[in-house]
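Working notes for the structure below.
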Amino acid sequence: MLETASLASGSSGNSYFVKNEEGVFIFDLGISVKRLKENLEKFGIDILDIRAVFISHEHGDHVKGLKTFVKYYPNIPVFISLKTYRQIKDSIPAESFVFFDTGDSLKFKYFEVELPPKLHDAIDPVFFKVKTDDGIVSIITDFGFPNKEIIKAVSESKVLFLESNYDERMLEEGKYPEVLKQRIRSHTGHFSNCDSGRLLDLHVGENLKYLILSHISENSNTYELAFKTVSKIVGNRDFKIITATQKEPVSLIKIS
């Protein structure tokens, strides 16, 4: 039995978990350790059940809780690329981390974590592809254009956390400065509702059971609009669509 959920998803902080017989694995730590602990407890999980943490890139909404976490839980390994570490070290000693190379595949007792590259304005960004006997869970946020690795993950996943960051019209009419709008729309920026819908329409595989729309902007999108736009593009498909939120974890997903 595999369990997974979003603990927080959005511009203010991101964190996700996958749980199996071996324990709990955290993907990104862009929330405080206090909030991590509180949100895990909502699923009946103790923070000491964490077996490892993985970091996708150095932006604050993905690493906010790192410094405190490695201070209080030094025996829990944190996996990060060396290039990413050099961007966020912030007085955190290197011995607090286990370094990987982009494209690596890390094998654990019950599953394998692949760390493929993605296009984003960070030094060495990766996404997460968790391969298990129960199916593949992919966590793909913070990218502006789908490379071949993302397309493959979308086609293979049973559970897919996929960025649906902004609505084109809301972004265009919003208060962000033009330079920030251009950054968000770029191939190294973020993925829109329509982008996500089109990617799924073209490449979603028959294995997909749960789609969790993630990293939804609080300023240039709404949860309802993301759900409505993506649902309209993909039409009637044999998977459930859920929206991950910033303030609360989403419902626990169980697959076997």
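Tabulated data
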quantity	calculated
Efficiency of FRET between Lys71 and Cys194 - r from beta-carbon atoms, R0 30 angstrom, step 0.05	0.10
Check: the chain dipole with +1 on Lys, Arg Cβ and -1 on Asp, Glu Cβ, in debye	200
Nonlocal amide H pairs with Ser192, under 5 Å, H built at 1.01 Å	Asn165, Tyr166
Exceeding the 18 Å Cα-Cα cut-off - candidates Lys175/Lys232; Lys64/Lys148; Lys64/Lys247; Lys118/Lys148; Lys228/Lys254	Lys175/Lys232; Lys64/Lys148; Lys228/Lys254
Phi to ³J(HN,Hα) by Karplus 6.51 cos²θ - 1.76 cosθ + 1.60 over segment 130-144, Hz, x for Gly, Pro	9, 9, 9, 5, 8, x, 9, 10, 10, 10, 10, 10, 6, 8, x
Kirkwood Rh in Å, taken over the chain so that all alpha-carbon pairs contribute	18.1
Radius 13 Å from Cβ of Phe239, net charge of other residues (Lys, Arg +1; Asp, Glu -1)	+1
Surrounding net charge for Glu21, when Lys and Arg each add one and Asp and Glu each subtract one, Cβ distance under 12 Å	-2
Ordering of 176-187, 21-32 by burial proxy (mean other Cβ atoms within 10 Å per residue, highest first)	21-32, 176-187
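Any read-out appearing in this document is the output of simple, stated calculations on the displayed coordinates, not a laboratory observation. Given the structure is predicted, the values throughout are model-derived calculations rather than measurements. All Cβ positions, even for glycine, are placed from backbone atoms using ideal geometry, and neighbour counts span all protein chains on display.
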